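To start, the structure under review is shown below, and the notes come after it.
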Amino acid sequence: MIDSEHRRQAEALLRYINASPSPWHAATTAAEWLEEEGFQCLDERAPWELQESGRYYVIRDDSSLIAFIIGTNPLPQAGFRIVGAHTDSPGLRLKPNPLQQTDSLLRLGVEIYGSPILATWTDRDLSLAGRVALRTDTPEKPAVCLLDFGAPLLRLPNLAIHMNRKVNEEGLKLDPQTELPLLLAVSGEKAPTQDHFVQLLASHMDCDPHAILSWELNVYDTQTGAFWGQDQEFIASSRLDNLASCHAALSALISDDESTATRVCALFDHEEIGSESFKGASGSFLADILQRIGCALALDEESTRQALAASFLISADMAHAYQPNFDWGYDAGHKLIVNRGPAIKTNANVRYTSEAYSQALFIGWCEEAGVSWQHYCHRSNLPCGSTIGPIVSSRLGLRSIDIGNPLWAMHSIRESAGVKDHGDLIRVLERFFGSPAIPVNA
Ligand code: ZN
C-alpha cells in the first residue's frame, strides 16, 4: 500500500511534469517553485553577493538550472553536496520551415531529438510547446517567451493494418524524413507559405506575425499523468525520464531547513543528445557556478580545489525496470522491481560512475533514510546507456555515483514508474544533503 505522503509526492511530480511540456518549461516551472520557497535568481553577468544559508538559483539559456543553498559549514572542508539530473526528454522538434503541403493536407516537418521510441508517437493527441523570440526595438534584446498550445494540435495517424499487414510481426518502422511529418490541417490554398505557420504562432500568442523572429518547439503528448495499478501504486506520464529525478532533487533541496553543507541541484538540458553544449553537462555551467560560489565566499583557488575534493555528486537518472514479458532484455541478477527502491547503476567501463566507495556511502544514506535499494547492471551482450554522471564527475574531479528509480518503457511517449520509489528517492537525497559536514571522501 502507498502511504499518503508518497501519494502526495507523486501527485506533485505529475503536476510538475504536466506544467513542463518542454525543457524550457521544466526550468521555468522549477524557477517558479524555487521562488515560492525563498530562492533568489542570480544573473551570471552580474557580480554575486551570497549569504550564509542563502538560497539561490541560476538559469542558463532558459533550460538548464542550478539551484543551491549556502551551508553554514566551511566550504573547503565540507565541500559541495550535488545532485545532478536532466531537464530534456527525447522526442520530436519542429524544423525552422516546417510547413509541407501534400495534396490538400498540411503537415509539419520534424527532427528527431535524442532516441525516442518513435512508434509510441503515433495516434497520440500531440501539441507544441517551447520558446519563441520576439522582435523589440533593440536587436540585442529580443523578448523570449514560452509558448504552449495546450490543446491537441497535431497527430501522427498510424497506417491501417490493411495496408501494413505485417505490423504485428515486424513492428512499426517509421522513416524519419517521409513518415514522421505531423498532420495539422486540410487546406484549400494552393501552396501555403511558411507564413501560414508563423500566423498560427502569432494568433496563439496574440502578437503581430512580423514580431516573431525565431523559435524552438517541442512536440509533446497532451495526455496528463495518471496513477494506475491494483493499488494505484504506479504512475504513467511523458518525460518521467528525467523530470522525475529533477523533481526529487528539488524536493529534497527545498525540504532542507538546517543548511550545514552547501547543497546544489544541477539540472541540465541536452543530456539526451550527448550533453555537448554551453548549457549541457559537458559545458562549463556547473564548474562556473561552483567557482562563482567559491569567489563570492572569498575562497582562494586552493580552498576552492579543497572544496571540490571534499564534494560528492549523485547523478540521478531513471533506470530500466524489469518487464517480465521481455525477460530476454535483462540480466538475471539485476532485475529492478518497481517500488523496491532506487537502483545503484554500475558499469565496468564507467558508463556509470558508481564505484565501491561511492556505493558504500549511498547504501549508508539509504539505510539511514529507511529506504531499500537495488543494483542495476545491463546485459553484457547489449550496449549500456550513460548519463551526466561520468561527464560531470570527470570534468570537475568529483567523486560520484549514478543512481535512478526503476522506469518501464524508457523513451516511450508514456513511461511508467513507482509511486513509492519517487518518495523514497526524495528521502535518500534529503539524507545525502543533510549528511554531516565532514569531507565525504575522507
Ligand atoms: Zn535520462
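Worth pointing out:
- Shape of the range 319-428, Cα gyration tensor, a/c cut at 1.5: oblate
- Euclidean distance between Cα centres, the range 42-60 to the range 1-40, Å: 22 Å
- Sequence of Cys366, Cys377, Cys295 once ranked by neighbouring C-beta atoms within 10 Å, starting from the fewest: Cys295, Cys377, Cys366
- Helix content alone sets the calculated 222 nm mean residue ellipticity of the chain: runs of n ≥ 4 DSSP H residues at -39500 (n - 2.57) each, divided across all residues, give -8500 deg cm²/dmol.
- Spatially proximal lysines relative to Lys279 (Cα-Cα < 28 Å; intrachain offsets below 8 disregarded): Lys95, Lys141, Lys345
- Of all DSSP-defined beta bridges confined to the chain, some 70% are antiparallel rather than parallel.
- The chain shape via C-alpha gyration tensor axes, a/c threshold 1.5: oblate
- Helix 240-254 and the longest principal axis of the Cα set of the chain meet at an angle near 40°.
- Applying D = kT/(6 pi eta Rh) to the range 91-221, where Rh is the Kirkwood radius over alpha-carbon pairs, T corresponds to 37 °C and eta to 0.692 mPa s, the Stokes-Einstein value obtained is 205 µm²/s.
- Candidate aspartates and glutamates for bridging to Lys335, where Cα separation is under 12 Å - those fewer than 8 sequence places away on the same chain excluded: Asp327
- Neighbour counts of C-beta atoms inside 10 Å place Glu272, Glu189, Glu111 in the sequence Glu189, Glu111, Glu272, starting with the fewest.
- Note on the range 88-126 and the range 130-148: Cα centroid distance 23 Å, given to the nearest whole angstrom.
- Reach of Lys173 by Cα under 18 Å, taken over aspartates and glutamates that are not fewer than 8 positions away in the same chain: Glu111, Asp123
- Cα centroid separation - the range 341-394 against the range 288-333, whole Å: 10 Å
- Ranked Ser238, Ser412, Ser22, criterion: other C-beta atoms within 10 Å, fewest first: Ser412, Ser238, Ser22
Any read-out appearing in this document is the output of simple, stated calculations on the displayed coordinates, not a laboratory observation. Here the structure is a predicted model, which means the values were calculated and not measured. We place every Cβ from the backbone using ideal geometry, glycine too, and count neighbours over all the protein chains shown.
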